[in-house]
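Inspection log for the structure reproduced underneath, given as structure tokens.
The values are calculated or read from the model by the stated rules, or taken from the named source; none is laboratory data. This structure is a prediction, so every number in the text was calculated from the model and none was measured. Cβ placement follows ideal geometry from the backbone for every residue including glycine, while neighbour counts extend to all protein chains displayed.
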Amino acid sequence: MKLPLFQLDAFATQPFAGNPAAVVILPDWLPDATLQAIAAENNLAETAFVVPGEASFGLRWLTPEIEVDLCGHATLASAFVLFEHGYTARSEVVFNYPGGTLTVVRDGDRLAMDFPSRPAQPIPRETAVGDALGAYPVEVLKARDLLAVFESQQQIHALAPDVAALAKLDAFAVIASAPGEDCDFVSRFFAPRAGVPEDPVTGSAHCTLVPYWSARLGKQILHARQLSRRGGELWCEDRGSRVRISGHVVEYLCGEIEV
């Protein structure tokens, strides 16, 4: 069976930046073991699998090691493929995923995703988080991920975490964040338990970052940067129970795989 495969850089305006994602279009769902094998073979932070339907599209995301409950950059990449390669003529893409429904619309030259908000709650500052990150945050909160808040952008740049120690923390991943110098806030994202030591740009992390920084800065519209080696840029809006996350996508590769 030959399947269309695309590789794209999300939250970027040029190739080799942002977060690379693979998108595989399926006629129907394949066995889970086959999906996991394809994701491992692609060896990217995320492979999105899309099953077209009449009014909506099925969507799942897998890292090289596990299936994840929510992924922003691969959703953005999937919508780009559907818009640009003739899989839909509508102005909005509706995705059905195991946790519910997501929508993506055109936003000028960007694409905008409607995602669930995941506010984090403060927890005691345990030394294990600072030990693993190699620097001690001023505040630690938790939703799906741990959110470690620092005072400056320079501290986020300088982090050199112990990946093995991060994997032992009781959370899916660790977000490190601080106020930005030329944007509202910056972040980095570490998910070694999911097989992703550092993710270049993480849409799902902003489901937690947006409500935190919106409340702290007293503004609903936010501009964010992720300070990975590849780097990425996001435009966000706090909408209460939902967050809007926008970014650019660049197509890098279009081809076929055979399974």
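Below is a table of values for the structure above.
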{"quantity": "Filter pass, SER214 being modelled with pLDDT of 95 or more, out of contact with any Gly (no Cβ under 8 Å at 6 or more places or on another chain) and buried (at least 16 other Cβ atoms within 10 Å of the Cβ)", "calculated": "yes"}
{"quantity": "Residue under evaluation ASP109, criteria (1) more than 21 Å from TRP235 (Cβ to Cβ); (2) surrounded by fewer than 17 Cβ atoms within 10 Å (Cβ to Cβ); (3) in contact (Cβ under 8 Å) with a residue 60 or more places away in the chain, criterion not met", "calculated": "(1)"}
{"quantity": "Residue tally, condition farther than 21 Å from PRO4 by Cα, surrounded by fewer than 17 Cβ atoms within 10 Å (Cβ to Cβ) and either of a type in the set (A, V, I, L, M, F, W, C) or in the same structural domain as GLY195 (by TED's automatic domain parsing) (or both), over the range 62-104", "calculated": "1"}
{"quantity": "Near pairs, Cβ below 7 angstrom, 6+ apart or cross-chain, from the range 127-144 (over 19 Å from CYS207 (Cβ atoms)) to any residue that is of a type in the set (Asp, Glu)", "calculated": "ALA132/ASP162; GLY134/ASP162; VAL138/GLU151"}
{"quantity": "Residue match in the range 84-103 (condition: within 20 Å of ARG216 (Cβ to Cβ) and not acidic (Asp, Glu))", "calculated": "no"}
{"quantity": "Residue in the range 187-207 that is nearest to LEU159 (Cα to Cα), counting only those that are without any contact (Cβ under 8 Å) to a residue 60 or more places away in the chain and not in a strand (DSSP E or B)", "calculated": "PRO192"}
{"quantity": "Lone unmet requirement of (1) touching a helix residue (DSSP H, G or I) at 6+ places or on another chain (Cβ under 7 Å); (2) surrounded by fewer than 21 Cβ atoms within 10 Å (Cβ to Cβ); (3) within 21 Å of VAL104 (Cα to Cα) for GLY240", "calculated": "(1)"}
{"quantity": "Candidate set: the range 138-155, residues that are in contact with a Pro (Cβ under 9 Å, 6 or more places away or on another chain) and either polar (S, T, N, Q) or assigned to a loop (DSSP other than H, G, I, E, B) (or both); chosen: the one nearest to ILE123 (Cα to Cα)", "calculated": "ALA143"}
{"quantity": "GLY99 touching a residue at least 24 places away in the same chain (Cβ under 8 Å) and within 18 Å of GLY203 (Cα to Cα)", "calculated": "yes"}
{"quantity": "Qualifying residue in the range 49-59 (condition: crowded, with 24+ Cβ neighbours inside 10 Å, aliphatic (A, V, I, L, M) and in contact with an Asp or Glu (Cβ under 9 Å, 6 or more places away or on another chain))", "calculated": "no"}
{"quantity": "Residues of the range 31-46 classified as assigned to a helix (DSSP H, G or I) and modelled with pLDDT under 95, total", "calculated": "0"}
{"quantity": "Number of the condition not met by ALA176 [criteria: (1) closer than 19 Å to VAL201 by Cβ; (2) in contact with an Asp or Glu (Cβ under 6 Å, 6 or more places away or on another chain)]", "calculated": "(2)"}
{"quantity": "Members of the range 208-244 found to be in a strand (DSSP E or B) and closer than 20 Å to GLN153 by Cβ, listed by number", "calculated": "ILE221, LEU222, HIS223, ALA224, ARG225, GLN226, GLY232, GLU233, LEU234, TRP235, CYS236"}
{"quantity": "Some residue of the range 115-128 being assigned to a helix (DSSP H, G or I) and of a type in the set (A, V, I, L, M)", "calculated": "yes"}
{"quantity": "Qualifying residue in the range 200-212 (condition: farther than 22 Å from MET113 by Cα, out of contact with any Pro (no Cβ under 8 Å at 6 or more places or on another chain) and not aromatic (Phe, Trp, Tyr))", "calculated": "no"}
